[in-house]
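Working notes, structure below.
Taken together, the values in this text are just the output of simple stated rules run on the coordinates, not laboratory data. Note that the coordinates shown come from a computational prediction; the quantities given were computed from them, not determined experimentally. Here the Cβ is made from the backbone with ideal geometry for all residues, glycine too, and neighbour counts use every protein chain on show.
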Amino acid sequence: MTQHTASASGNPFARSHDFNLPAPERAGPDSVREALKRAFAPAFIEDEELDALAQIAARHSFAAKVPILRLNRHAGAAWLLAHGQASIGYWDEQQTWHQTRTVRSGAWLDVCSAWLRGPYLESAVAATDSVVYEFPATRVEDVCTQHPRLYRLILASMAERVKHETQAKRDLASKDVLGRLAGWILSSASPSPEGPHVVLAQRKNLLASELSTSPETLSRSLARLRTLGCIATRGYRIDILDEQRLRETARNMESLS
């Protein structure tokens, strides 16, 4: 298994000029199948289609804070996050990292760029220790020729990405920070026996960047949601106490804008 490790920089997402990935190893087919099922859900994918894609997947293991994809580097593959969490965004001229969205396990890091025959549209950094599967674009095309239904599944995944981008732009224009935060918590929550919750696997300043606000305003908005009885916080864990009220908060902030 290829292991990519972080530099000793004090910046949690410091830009490294060394971005030459060593040759990856083939991935275990069972783990690839499971990751693909989650990535294409709720659509059903046939066993033959899963097997064909699993055969061309390469596995990479990234330590936290290590770049996975680089904006403007040649996009030769689709990338699927199997385990961990990744920060998507860009470095500004001062080499400061700006997060635009978060990707969690079972979702595509980038399923779009390779089909444009150009560079990656965004950079991606491992927020936690992560396992990522690489699917070379030319080999995916060969598989799709044999299994044409996969084209529709990939197109649906790309359309879902556009949908989320459109929603994020609309939220930025129509909601205040409290509404955007409420919506982000709802969309990021995972079920558990104790109730839905979110575990922040990154610094709050990165979430603030994603929500286009300051860390101070983010902290005040979290405190406001606690006061409203919507959530409780324990360190980096956010527990949803009143999902209905949290949804109402997100909707009300939109209608009041």
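For the range 134-208, the Cβ-based charge dipole about the Cα centre amounts to some 220 debye (Lys, Arg positive; Asp, Glu negative; other atoms uncharged).
Descending by average beta-carbon neighbour count within 10 Å, the peptides 185-191, 219-225 line up as 219-225, 185-191, the highest first. In a reduced charge model with +1 at each Lys and Arg Cβ and -1 at each Asp and Glu Cβ, the range 175-255 shows a dipole moment near 180 debye about its Cα centre. Straightening the chain between R234 and E248 buys 2.7 nm, computed as 0.36 nm per residue apart minus the Cα-Cα spacing.
In the chain, a dipole from Cβ-located charges (positive for Lys and Arg, negative for Asp and Glu) runs towards its positive end, and of L116, Q55, S31 it is L116 whose Cα lies farthest in that direction. Put in line by how crowded their Cβ is, counting other Cβ atoms within 10 Å and starting with the fewest, Y90, Y133, Y120 read Y90, Y120, Y133. Report the local net charge at R101: Lys and Arg +1, Asp and Glu -1, summed over other residues whose C-beta lies under 9 Å from its C-beta. Net local charge, R101 excluded: -3. A run of the chain free of exposed loop cleavage sites, with GluC sites (Glu not before Pro) counted only in DSSP states other than H, G, I, E and B and at most 14 other beta carbons within 10 Å, reaches its longest extent at 94-193.
The Cα atoms of the range 175-255 cover 33, 30, 20 Å along the three principal axes, with the biggest extent listed first. For the chain, the mean projected area of the C-alpha convex hull, equal to one quarter of the hull surface, is 14.6 nm².
Determine the gain in length on full extension of the stretch S31-V162; use 0.36 nm per residue of separation and subtract their C-alpha separation, reporting nm with one decimal. Before the final figure, lay out each step's value.
Details: separation 131, 0.36 × 131 = 47.16 nm, distance 2.71 nm.
Stretched out fully, the S31 to V162 stretch lengthens by 44.5 nm.
In the range 175-255, with Lys and Arg counted as +1 and Asp and Glu as -1 at Cβ, which of these residues, T233, A189, N205, has the Cα nearest the positive end of the dipole, that is, farthest along it? Toward the positive end, the furthest listed residue is N205. Among the trypsin sites (Lys or Arg not before Pro) in the range 43-114, those placed in a DSSP loop whose Cβ has at most 14 other Cβ atoms within 10 Å are R73. Of the residues L246, L116, the one with the fewest other Cβ atoms within 10 Å heads the list, and the complete ranking is L116, L246.
How big is D, in µm² s⁻¹, for the range 85-232 by Stokes-Einstein at 4 °C and 1.567 mPa s if Rh is the Kirkwood radius over C-alpha pairs? Present the calculation step by step, with values, prior to reporting the outcome.
Details: Rh = 17.4 Å.
D = 75 µm²/s.
A cut-off of 5 Å between modelled amide H atoms, ignoring neighbours fewer than 5 places along the same chain, links Q85 with A127, T128.
Might you report the magnitude of the Cβ-based charge dipole of the chain about its Cα centre, with Lys and Arg at +1 and Asp and Glu at -1, to the nearest 20 debye? Before the final figure, lay out each step's value.
Details: 31 positive and 29 negative charges, 146 e Å.
Value, rounded to 20: 700 debye.
P148: net charge of surrounding residues, Cβ under 14 Å, Lys/Arg +1, Asp/Glu -1, itself excluded? Summing Lys and Arg as +1 and Asp and Glu as -1 gives -3. Couplings 3J(HN,Hα) for the range 218-235, derived from phi with the Karplus relation 6.51 cos²θ - 1.76 cosθ + 1.60 (θ = phi - 60°), are 4, 4, 5, 5, 4, 4, 5, 5, 5, 4, 6, x, 6, 9, 10, 10, 9, x Hz, where x marks Gly and Pro.
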